[in-house]
Amino acid sequence: MKPIVSKAELSRMLGVSRARITQLTQLGLPTRDDGRLGTVEALRWIIRNVMPPVEGGGIAREARLLLWELTGEYK
């Protein structure tokens, strides 16, 4: 997996719309000066800041799984 991704790439990785990623950047998801995202940093931010649904799935769960694949961390 690439260390730096576009919003579109991150949205595909997480199975959400690009608009959702844009919404998250407006809420504080860190972006680089060029508008791209550090993959690990973005996943960590999502895990800390996006409330998972009651069913336990959603974007936060996907972020945890991807972070685990990339780093071995599971927060």
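Taken together, the values in this text are just the output of simple stated rules run on the coordinates, not laboratory data. Keep in mind it's a predicted model, so treat the numbers as computed, not measured. Every residue, glycine as well, gets a Cβ built from its backbone with ideal geometry; the counts of neighbours run over all protein chains shown.
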ask   = Roughly what % of Cα-Cα distances in region 4-71 sit above 17 Å, to the whole percent?
value = 32 percent
key: Residue of Arg32, Arg18, Arg48 that the Gaussian network model of the chain assigns the largest fluctuation, springs spanning Cα pairs under 10 Å   = Arg32
key: Rough spin-label spacing in nm, given labels placed 7 Å along Cα→Cβ, for Asn49 and Arg36   = 2.0 nm
inquiry  = Using the Cα centre of region 4-71 as the reference point, and only Cβ charges (+1 on K/R, -1 on D/E), how large is the resulting charge dipole? Debye, rounded to the nearest 20.
reply    = 80 debye
